[in-house]
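What follows is one structure encoded as structure tokens, with my remarks underneath.
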Amino acid sequence: MSNLKVFVYGTLKPGEYNYQRYCEGKVVEEKRAIAFGQLFDLPLGYPAMTLGESPVQGFVLTFSNPAFLDVLDELEDYNPHRTPEENEYIRQQIETYNFSGEPLGLAWVYLMTVEQVQRFGGVLMPSGWWSGYVDTLTQ
């Protein structure tokens with residue numbers, strides 16, 4: 001049985017709110033990573049990545065159970081039996097790299113179409129880094 005590798009750039013990153021809820025205790029390895037695309041901040045409280053040429057910073061998370069992809073599909077509102085227009089995200093495999101540019105291999109990622117990003121009012125994040133961390137104790 002092979003491991004599952006997923007490139008995460010938003011709420012599933014270590015330190016973000018969905019990491020603890022979904023990934024803690026299930027991740028066997030986490031590596032800082034870069035993938036190429038474009039990163040957008042959505043007014044919904046989470047980001048979206050589209051295909052593109054700019055570096056997007058995140059992590060490659062490795063899970064020992066490949067069936068965990070079903071849990072992530074549900075979180076990301078992706079169903080392979082629906083049309084792309086019916087899904088919020090599209091899941092596909094992309095190349096990932098460490099910060100020195102060395103390949104880390106293929107990893108699954110959840111992408112949005114440019115049309116979906118525009119419909120949601122996404123704002124381009126040229127830095128390629130998103131953080132949704134909010135100190136809930138001060139609110």
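The values are calculated or read from the model by the stated rules, or taken from the named source; none is laboratory data. This structure is a prediction, so every number in the text was calculated from the model and none was measured. Note: ideal-geometry Cβ built from the backbone for every residue, glycine included; neighbour counts use all protein chains shown. For accessibility, only protein heavy atoms count, side chains too; no ligands or nucleic acids. Shrake-Rupley method; radii C 1.70, N 1.55, O 1.52, S 1.80 Å.
Out of all the residues in the stretch 103-120, is one or more crowded, with 16+ Cβ neighbours inside 10 Å, at positive phi and in contact with a strand residue (DSSP E or B) (Cβ under 8 Å, 6 or more places away or on another chain)? Within the stretch 103-120 (the criterion being crowded, with 16+ Cβ neighbours inside 10 Å, at positive phi and in contact with a strand residue (DSSP E or B) (Cβ under 8 Å, 6 or more places away or on another chain)), the answer is no, since none of the residues qualifies.
Scanning the stretch 1-27 for residues that are closer than 15 Å to residue 89 by Cβ, polar (S, T, N, Q) and assigned to a loop (DSSP other than H, G, I, E, B) returns a single hit, 11. Residue 63 passes every criterion in (1) open to solvent by 30 Å² or more (accessible area, probe 1.4 Å); (2) more than 19 Å from residue 132 (Cα to Cα) apart from (1).
Taking the criterion of being of a type in the set (D, E, K, R), closer than 21 Å to residue 3 by Cα and within 13 Å of the chain's Cα centre (by Cα), the residues of the stretch 44-94 that qualify are 73, 76, 91. Among the strands (runs of 3 or more DSSP E) confined to the stretch 39-110, the ones with at least 1 residues that are touching a residue at least 40 places away in the same chain (Cβ under 8 Å) and closer than 20 Å to residue 124 by Cα are located at 47-51, 54-63.
For the stretch 1-24, filtered to residues that are small (Gly, Ala, Ser) and under 20 Å from residue 76 (Cα atoms), the residue that is least open to solvent (accessible area, probe 1.4 Å) is 10.
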